[in-house]
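Values in this text are rule-based calculations from the coordinates and carry no lab data. Nothing here was measured: the structure is a model prediction, and the numbers come from that model. Ideal geometry is used to build each Cβ from the backbone, glycine not excepted, and the neighbour counts take in all protein chains shown.
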Amino acid sequence: MKNLFKWSMILVLLVIVASGGMIIHTIFWGGRSAAIPPLKGVTVLQAVEEIERMELEARIEQVESTLPEGTVLSQWPEAGTRIGKNKVVILKVSKGGHRISLPDLRGLEQEQAMSKLQESGFQLGDVVRIQDQEKAAGIVIAQNPAAPLTLAENSKVDLMISLGPSRSDGMIQVPDVLQRTEKVARKMIGESGLQVSQVDYVYTQNTPPGMVMEMSPKPGTPLSGGSGVNLKVATLKKPEGPAEGTGDQEAPSNVKVTMPGMAGTITEEGKKAVEKAQEAAPSESGTSAVSVPGFDQERPETPQPSSNERKTAKIRYQVPPLVKPMQLKIEMVDSTGSRVVLDRSVNGGEYISLDEKYMDQGVVTIFLGGEFVWQDKYR
C-alpha cells in the first residue's frame with residue numbers, strides 16, 4: 001500500500017513538472033519557433049509583410065533620421081534570434097525628416113558660398129585653405145558633401161577655399177574676375193594681394209548691371225604685390241554731360257562721336273581732340289571712342305530694329321529648391337530697349353514658362369534674390 005502511494009505521488013509530481021514546462025515553453029517560446037530574418041534597411045512594408053508571414057506581430061516606433069521615410073533602422077529581437085509565433089517584433093522606422101537639395105558651391109567666392117548655404121538651409125562646417133594654381137584666392141575649390149545631394153536641414157557643409165596660385169619671385173597672378181559682380185571682384189583682387197586702382201562704369205544693355213566686363217591687366221598676368229588692377233563695370237545709368245556753354249559763342253559744326261551708349265556734339269576744343277585721337281590711332285570703323293572736354297550731351301540714340309518682324313522668345317526656368325520664397329526678376333533687352341518681363345516672389349521648384357516678343361535680337365537675364373543666375377540670347 002505504501003509503495004502504491006509512493007508511486008502515485010511520483011506520477012503526480014511528474015505531471016505537474018511536465019505541465020509547468022509546457023506552460024513556460026508556450027509563454028516564452030510559443031511552441032514552434034523560427035529565426036527572425038534581417039530587416040534593417042528594408043522598407044517598413046516589406047518588414048511587416050515578412051513578420052506577419054511568420055505569424056508574428058509587428059510594433060513600429062518612428063524616429064528622426066536622415067534616411068528615407070519608412071526605412072527600418074533597427075529591430076528587436078536581433079536577426080537570427082529564434083522566436084515563437086504570436087510574439088512581438090519591434091521595428092524602429094525612419095520618419096524621413098525634412099531633406100533639402102544641396103547647392104553646388106564650387107567656383108563661388110567664399111562669402112557668396114556662405115550666403116547661399118544659409119539661404120538653402122545649411123550651416124558652414126570646417127573651412128580648409130590651400131594653394132591652387134587654377135583658382136583665384138577666396139574661390140571655393142571643393143565641398144563636402146558634394147552636390148547634387150539631398151540632406152537634412154541645418155546639416156553642416158565643409159568648404160575648401162583657394163589661397164590662389166603659389167607666388168614665384170614675389171609675383172602674383174591677376175585673378176580672373178570677369179563676369180563677376182564688382183563687390184566680389186574687389187574682394188577676390190584684395191585677397192590675392194593686389195588692389196583695385198580704377199573702376200570705369202560703362203553704359204550697356206547687353207550685360208547685367210554691376211558685372212565686370214573688362215579688366216586690365218588680363219587674368220593670369222604676373223604683378224608685384226600691391227599692384228593695381230583696372231575694371232570696367234556694366235551699368236544702366238546713362239552718362240551725363242557738363243552744362244552747355246554760353247550762347248555768345250559761335251556754334252561750331254557738330255561732330256559725331258562713338259561713346260558707350262551715347263551720342264552727342266563736341267565743341268571746337270573737343271573737335272580738335274577727336275581729330276588728334278583719330279589721326280593717332282584710328283579704329284577699324286574709322287571712329288574712336290575717346291574722352292573729350294566740352295561735351296554737350298544730346299538725347300541718346302536708340303538702336304533701330306533691322307526689320308519690323310517681332311520674334312518670340314520662349315523663356316523656361318526651373319526655380320531651384322528654396323527654404324523660403326525669393327524674388328525672381330526676368331529682364332529682356334532688345335533693339336527697342338530694356339524691360340522687366342517678370343518680377344515676383346517664387347517658391348522652390350516652381351516652373352516658369354513665358355513667351356516674350358522681341359525685335360531683332362533679344363537678351364534675357366534672370367536674377368534670383370537679387371543675384372544674377374542666368375542669361376540667354378535669342379536671334
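Remarks
- Pairs exceeding 18 Å between alpha-carbon atoms, taken from K187/K232; K232/K329; K237/K377; K135/K232; K40/K85: K232/K329; K237/K377; K135/K232; K40/K85.
- Relative contact order of segment 26-94, defined on C-alpha pairs under 8 angstrom at six or more residues apart (%): 47
- Under a 5 Å amide H cut-off, with hydrogens placed 1.01 Å from N, Y201 pairs with V233 among residues at least 5 apart or on other chains.
- E371 paired with N206, simple spin-label distance in nm, labels 7 Å along Cα-to-beta-carbon: 2.8
- Extension gain for R167-L14 works out to 45.7 nm (0.36 nm per residue, less the C-alpha to C-alpha distance).
- FRET efficiency estimate (nearest 0.05) - Cβ-Cβ, S74 to S216, R0 41 angstrom: 0.05
- Neighbour net charge for E50 - beta-carbon separation under 13 angstrom, K R +1, D E -1: -2
- Under the simplified labelling scheme, the A34-R129 pair shows an inter-label distance of 6.3 nm, with each label point 7 Å from Cα along Cα→Cβ.
- Segment 55-113: relative contact order in percent, alpha carbon pairs under 8 Å with at least 6 residues between: 45
- Between amide H atoms placed 1.01 Å from N, distances below 5 Å from E350 occur with V319, all of them 5 or more places distant or on a separate chain.
- For segment 342-357, backbone nitrogen atoms closer than 13 Å to the point 7 Å from K311 Cα along Cα-to-C-beta are found at 356-357.
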